[in-house]
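Novice: Input: one structure, supplied below.
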Amino acid sequence: MSLGPYTTFIVTSYLAVLMVVVLLIAWIAIDYRRQKRRLSDLEAKGLVRRSGRK
Amino acid sequence: MTLIDLANPTRFLALTARALPWLVATTAILLAIGLYQSAMAPDDYQQGATVKIMFIHVPNAWLSMFVWAVMSLAALGTLVWRHPLADVAAKAAAPIGAAFTFLALVTGSLWGRPMWGTYWEWDARLTSVLILFLMYLGLIALWRAVEDPSRAARAAAVLTLVGALNLPIIKFSVDWWNTLHQPASVMRMGGPTLDRAFLIPLLVMALAFSLLFITLHLAAMRNEILRRRVRAMQMIQAQAGKPQA
């Protein structure tokens, strides 16, 4: 597969997409871990949401 | 499972936990197939190998508008039906939509330079997509600026519905005005004008990116529900710490 004289434009486009998608996935994964940790810290202190009370 | 069942965040989280692994796997497989087909697609007789940029530019451009349409439906859910997950859906979609719009602009620019001789032109299509990107950033800023989630939800919903007026402008800008951007060649009356050698990889990539959006959106909604639970518990903690009158 030869991209000819446009190699820079094509490769940069694909790299830009790859970078932004990887950043999105990493941001969502890190945010999930952070929220889970904050929630378990609060639960460890004995706090219960009103809708979570029995 | 009905829409009413999904109104319960706990049920929604359980459903998301089951669906996400399947969605991740399907998205990865489709992306791999789409990328392979894109790499193997022949050069265009006019555009040469730059046609390969189309396979990532067009799905991102479609999704930039599709995500705003999803947010507009969610805005109706917030204002009309007061669905508990509507604002969660809209807020979670905004950064993902902004990322797709940013990529549509960047890849379009990188495609424009060798084909049009310029990275940027203030024509109707490019300018209206740039406005869409700025509206995404404005919405994200609004959600961050207003502390009370219910007030932020209503303001964001109104802004989203006003912003939806830009969608037909983007879509028909190439028909209504003289632009450097080419007219629609897939979603048009009379069917696509693209050759199958380009159309099939493009549709596979569009499907893969749509699944990527669904996957990321569900994961981001899950995070937003957890964030709101944390906030509710912090409020309880703050109230419990207050001195009694």
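Novice: Of the residues that sit in the stretch B:95-113 and are in contact (Cβ under 8 Å) with a residue 60 or more places away in the chain and closer than 15 Å to A:Ile25 by Cα, which one is surrounded by the most Cβ atoms within 10 Å (Cβ to Cβ)?
Specialist: Only one residue tops the list, namely B:Phe100.
Novice: Does B:Val88 satisfy the criteria of being touching a residue at least 24 places away in the same chain (Cβ under 8 Å), under 18 Å from B:Leu161 (Cβ atoms) and surrounded by 21 or more Cβ atoms within 10 Å (Cβ to Cβ)?
Specialist: So B:Val88 fits the description; yes.
Novice: Let me ask something additional. In the stretch B:187-202, is there at least one residue being of a type in the set (D, E, K, R) and either surrounded by 14 or more Cβ atoms within 10 Å (Cβ to Cβ) or within 14 Å of chain A (Cβ to nearest Cβ) (or both)?
Specialist: no
Novice: Within the group B:Ala208, B:Ala238, which residue is under 30 Å from A:Ile25 (Cα atoms), among the small types (Gly, Ala, Ser) and within 13 Å of chain A (Cβ to nearest Cβ)?
Specialist: On inspection, the qualifying residue turns out to be B:Ala208.
Novice: Here's something else I'd like to know. Could you tell me whether any residue of the stretch B:71-84 is closer than 19 Å to B:Leu216 by Cβ and within 13 Å of chain A (Cβ to nearest Cβ)?
Specialist: no
Novice: If I go through the stretch B:35-63 residue by residue, how many of them are surrounded by fewer than 20 Cβ atoms within 10 Å (Cβ to Cβ) and among the hydroxyl-bearing types (Ser, Thr, Tyr)?
Specialist: Qualifying residue count, the stretch B:35-63: 2.
Novice: From B:Trp22, B:Trp68, grab the single residue that is surrounded by 15 or more Cβ atoms within 10 Å (Cβ to Cβ) and either at pLDDT 95 or above or over 23 Å from the mean Cα position of the chain (by Cα) (or both).
Specialist: Answer to the check: B:Trp68.
Novice: Now, a different point. Scan the stretch B:188-245 residue by residue and report those that are polar (S, T, N, Q), in a helix (DSSP H, G or I) and more than 23 Å from B:Gln37 (Cβ to Cβ).
Specialist: B:Asn223, B:Gln234, B:Gln237, B:Gln239
The values are calculated or read from the model by the stated rules, or taken from the named source; none is laboratory data. Computed from a prediction, not measured in an experiment: that's the story for all the values here. Cβ coordinates were reconstructed from backbone atoms using ideal geometry, including for glycine residues, and neighbour counts include every protein chain displayed.
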